Amino acid sequence: MTNITYRKVNDYTIPNLTLPPEETAIRLSKWGMLHKEYLLKYKKVVFATLLTQGKLYQHCAEIENQAQQMFDILVEQMKNKEDVTEKLKENNQLEWICRMQNIEASAREMVYAEFLYV
C-alpha cells in the first residue's frame, strides 16, 4: 500500500504527488521533438500517460531513431531510383541541389505520415 501525504491549501487538501524520475540524458532532436509536440497537442491522454510513467522521452527517442533510419533509407532509395549521383553533383550542382531537396521533402512527408502523426 502506498503512503500518500497531503498538504492543506486554503480549504482544500491536495495530495503531494511526484512524477517518477525520467531519463535525463536523453536529448531529442528534430523527429523526437516533432512527435512530442504532436502528442501534446493532439494526443493529450497518451502524452499524460507517458509523462506520468516517466517514459515520454524514451518513447520520443525511439520514434526519433526509427524515423531517422526510415528517412535515410528513403533518401538513398530515391536517389538511386532517380539517378541522383555524385557525377550529377560534379557536372550540374544546381540540378543536383534541386533534385535532392525534392527527394528530401518527399522522404520527410513519408516519415511524418508513418511515425510522427500516429
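Each reported figure results from applying straightforward, stated rules to the coordinates on display, with no laboratory input. The shown structure was predicted, so the numbers you read here are calculated from the model rather than taken from an experiment. Every residue, glycine among them, receives a Cβ derived from its backbone with ideal geometry; neighbour counts consider all protein chains shown.
For the range 88-117, chymotrypsin sites (Phe, Trp or Tyr not before Pro) meeting the loop criterion (DSSP other than H, G, I, E, B) and having at most 14 other Cβ atoms within 10 Å: Y117. Take each peptide in 32-40, 70-78, 52-60, 9-17, count the other Cβ atoms within 10 Å of every residue, and average; sorted highest first, the result is 32-40, 52-60, 70-78, 9-17.
A105 to M33: FRET efficiency via 1/(1 + (r/R0)^6), r the Cβ-Cβ distance, R0 25 Å, to the nearest 0.05?
0.85
Taking a point 7 Å out from the Cα of E114 in the direction of its Cβ, the residues of the range 78-94 whose backbone N falls within less than 14 Å of it are 78-79. For the chain, the residue among Q101, Y57, N91 whose Cα projects farthest onto the positive side of the dipole built from Cβ charges is Y57.
Computed across the chain, the Kirkwood hydrodynamic radius from all distinct Cα-Cα pairs reaches 17.5 Å. Label separation (K43 vs K81): 2.6 nm, computed from points 7 Å beyond Cα along the C-beta direction.
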